[in-house]
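Undergrad: Below is the structure I would like to discuss, written out as structure tokens.
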Amino acid sequence: MSEERPKAGTRRNFVRTVGRIAMAAPVLALPIVLSKKADAKGYVWQIDPYKCTFCEQCRTLCIMTPSAVKCTNAFQMCGYCDFCPGFLRQGAKKYSTAAEDQLCPTGAIKRKFVEEPYFEYTIDEKLCDGCSKCVKGCYDFGNGSLYLQIMHNLCLNCNQCSIARGCPSDAVVRVPADGPYVRKELKGTPRVVPLAVVRSRKKQEATFRRKYTTGEENVSC
Ligand code: SF4
Ligand code: SF4
Ligand code: SF4
């Protein structure tokens with residue numbers, strides 16, 4: 001009996017499901033921590049990812065070093081692109097996973113092959129300092145699945161968050177401690193990639209890489 005080949009996207013869907021569970025786990029463990037950190041009215045600070053303009057100041061404005069702000073990936077929105085503009089530095093001489101071609105200055109974005117032609121991108125929060133470079137790259141050229149959040153296992157929930165005070169976009173807001181994250185994947189519409197696009201993906205990516213790495217013009221995938 002011949003082995004049945006998994007349908008395209010099966011492993012990717014599995015990764016998405018695992019991603020959802022992985023993101024839910026810290027949330028489930030948080031209530032005890034947050035009950036101690038929340039202010040008298042039961043609120044904590046959080047970044048509204050729909051207001052953030054990736055100004056890079058979260059890295060330095062936070063009183064914590066490294067910042068309590070980290071990048072996260074909305075797996076339901078991510079295109080699992082081989083060519084990820086949040087991962088690859090624009091203007092890189094070649095398309096590769098070498099450190100010098102990566103956009104992240106701390107090497108916090110981890111890339112793992114899922115199935116042809118998809119790759120999973122996860123963030124090593126210990127390395128991420130919330131600089132938002134990858135968030136901007138993904139927003140400008142990709143699906144916008146990378147976004148910043150204040151991590152409540154690290155945040156001190158200061159009376160006056162210094163990021164909220166300095167944020168040029170008023171993106172840092174008070175949210176209820178029992179809903180301490182503003183998850184893009186809960187609102188974002190997963191991108192449906194037409195089959196014809198998937199079939200011609202390699203050709204598209206070749207063009208995309210050339211334009212992206214030579215800076216010919218702004219393109220989006
Ligand atoms: S300071 Fe505001 S706009 Fe700048 S990266 Fe942080 S949340 Fe985004
Ligand atoms: S580019 Fe900046 S925000 Fe993105 S993962 Fe690296 S350190 Fe974090
Ligand atoms: S509340 Fe304090 S620790 Fe938390 S993100 Fe703002 S400045 Fe950093």
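Undergrad: Give me a count of the residues in segment 60-79 that are of a type in the set (S, T, N, Q), within 19 Å of Tyr181 (Cβ to Cβ) and more than 10 Å from ligand 3 (Cβ to nearest atom).
TA: Of the residues in segment 60-79, 3 are of a type in the set (S, T, N, Q), within 19 Å of Tyr181 (Cβ to Cβ) and more than 10 Å from ligand 3 (Cβ to nearest atom).
Undergrad: Let me ask you something else. If we only count strands (runs of 3 or more DSSP E) wholly inside segment 113-190, which ones have 2 or more residues that are more than 16 Å from ligand 3 (Cβ to nearest atom) and farther than 20 Å from Glu56 by Cα?
TA: Qualifying strands (runs of 3 or more DSSP E): 118-123.
Undergrad: Just checking, how many residues over segment 98-112 are in a helix (DSSP H, G or I) and either of a type in the set (A, V, I, L, M) or within 14 Å of ligand 1 (Cβ to nearest atom) (or both)? Steps first, answer last, please.
TA: The initial filter retains those residues of segment 98-112 that are in a helix (DSSP H, G or I), namely 99-101.
When the remaining residues are screened for being either of a type in the set (A, V, I, L, M) or within 14 Å of ligand 1 (Cβ to nearest atom) (or both), the result is 99.
Within segment 98-112, residues that are in a helix (DSSP H, G or I) and either of a type in the set (A, V, I, L, M) or within 14 Å of ligand 1 (Cβ to nearest atom) (or both) number 1.
Undergrad: Does Lys36 count as loosely packed, with under 14 Cβ neighbours inside 10 Å, charged (D, E, K, R), modelled with pLDDT under 90 and not in a loop (DSSP other than H, G, I, E, B)?
TA: Details: loosely packed, with under 14 Cβ neighbours inside 10 Å: yes; charged (D, E, K, R): yes; modelled with pLDDT under 90: yes; not in a loop (DSSP other than H, G, I, E, B): yes.
Answer is yes for this residue.
Undergrad: Tell me which of these Glu125 doesn't satisfy, since it passes every other one: (1) modelled with pLDDT under 95; (2) under 26 Å from Ser162 (Cβ atoms).
TA: (1)
Undergrad: Any idea which residue in segment 117-148 is farthest from ligand 1 (Cβ to nearest atom), counting only those that are of a type in the set (S, T, N, Q) and closer than 11 Å to Asn73 by Cβ?
TA: Thr122
Undergrad: Among the numbered criteria (1) away from ligand 3 (no atom under 16 Å from the Cβ); (2) touching a residue at least 12 places away in the same chain (Cβ under 8 Å), which single criterion is violated by Gln57?
TA: Looking at each condition in turn, Gln57 falls short on (1).
Undergrad: Does segment 135-145 include one or more residues that are modelled with pLDDT of 95 or more, more than 24 Å from Ala108 (Cα to Cα) and buried (at least 23 other Cβ atoms within 10 Å of the Cβ)?
TA: Scanning segment 135-145, I find no residue that is modelled with pLDDT of 95 or more, more than 24 Å from Ala108 (Cα to Cα) and buried (at least 23 other Cβ atoms within 10 Å of the Cβ), so the answer is no.
The values are calculated or read from the model by the stated rules, or taken from the named source; none is laboratory data. Since this is a predicted model, take the numbers as computed values, not measurements. Positions of Cβ are backbone-derived with ideal geometry, glycine not excepted, and every protein chain shown enters the neighbour counts.
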